[in-house]
Amino acid sequence: MGFIFVFLPFVFIAVTRGLMKLEYSWNMELISDFILVVTFILFGFYGIRHQNIFIDTNDGINLEVKNNVAYETSGLKEDFAKQKHEELLNYMESAKPYLQPKLSLSILAESLGISPNHLSQIINQYEQQNFNDFVNKYRIDEFIMKAKDNKQFSLLALAFDSGFNSKSTFNTVFKKHKGQTPSQYLSSKSS
C-alpha cells in the first residue's frame, strides 16, 4: 500500500512533464514542482516517524557469532585466552587497578603482559562488554561498598576515591549500570 503512495506522485510528475513538452504551461510546471517538494517532505516525515526501519533490531542475537568472526584472525588461542581471563579477574580483585582514574586498556594490558587488542578481545568475549563498561562495573561496586562503610564522606568524594574522574561520568555510568541515580540507589538500599 505504501508503495502506491510513493509511486503515484512520481507518475503524476512524469505525466505532467510529458504534457508540458507538448504544450508549455508554467502553471503545470509549478504544480508538478509543488507536488515534488511535498512528496520529499512527506518522505522526510515518514522517515522520522518510522526510524525503526533504519535501526538494526538484531542487536544481541548473534553477538557471540559476530565476535568469533571478528576475532577469527587475531591469533589468540582459546586456552591462552581463558588463562588470561582468569588472570584478569584475579588482578582486578587483588590489585584494584580500576581505582586509577587514568586506567586505560594499554596500561591494563601491559600489567597482564598481553597486547591491548588481545585484552579487548578477552573482555568482549568472556564478559560480553567493552573495556570501559568492564572497568566501570568494578568502580560502581567499589563505590557501593565504600558508601555503606563511609557515611561521613560525600558521594562525589567516594566516586573519586572509586576511580571516577568526573561527577558527570560517575552519574551517567551509575545510572547505566543500576538504573537509578546514586542517591536514589543508596536510599532504596538503606530503607
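Every read-out reported here was derived from the displayed coordinates using simple, explicitly stated rules and does not represent laboratory data. Everything quoted here is computed from the prediction, not taken from an experiment. Don't worry about glycine lacking a Cβ; one is built from the backbone with ideal geometry, like all the others, and counts go over all protein chains shown.
State yes or no: is ILE114 in a helix (DSSP H, G or I) and either of a type in the set (S, T, N, Q) or surrounded by 13 or more Cβ atoms within 10 Å (Cβ to Cβ) (or both)?
Numbers: in a helix (DSSP H, G or I): no; either of a type in the set (S, T, N, Q) or surrounded by 13 or more Cβ atoms within 10 Å (Cβ to Cβ) (or both): yes.
Taking the combined requirement at face value, the residue does not satisfy it.
Could you tell me which residue of the range 117-158 is surrounded by the fewest Cβ atoms within 10 Å (Cβ to Cβ), considering only residues that are among the hydroxyl-bearing types (Ser, Thr, Tyr) and closer than 28 Å to SER188 by Cα?
Within the range 117-158, the subset among the hydroxyl-bearing types (Ser, Thr, Tyr) is 120, 126, 138, 154.
With closer than 28 Å to SER188 by Cα added as a condition, the list becomes 138, 154.
On the way: TYR138: 18, SER154: 9.
That would be SER154.
Which of the residues that make up the range 148-167 are outside any loop (DSSP other than H, G, I, E, B), over 18 Å from PRO97 (Cα atoms) and not hydrophobic (A, V, I, L, M, F, W, C)?
LYS148, ASP149, LYS167
I need the full set of residues from the range 84-98 which are crowded, with 16+ Cβ neighbours inside 10 Å and closer than 20 Å to GLU142 by Cβ, in order please.
Restricting attention to the range 84-98, the residues satisfying the condition of being crowded, with 16+ Cβ neighbours inside 10 Å are 84-85, 88, 92, 97-98.
The answer is LEU88, MET92, PRO97, TYR98.
Touching a Pro at 6+ places or on another chain (Cβ under 7 Å), in a helix (DSSP H, G or I), of a type in the set (Phe, Trp, Tyr) and surrounded by 17 or more Cβ atoms within 10 Å (Cβ to Cβ), is that true of PHE170?
Judged against the criteria, PHE170 is not a match.
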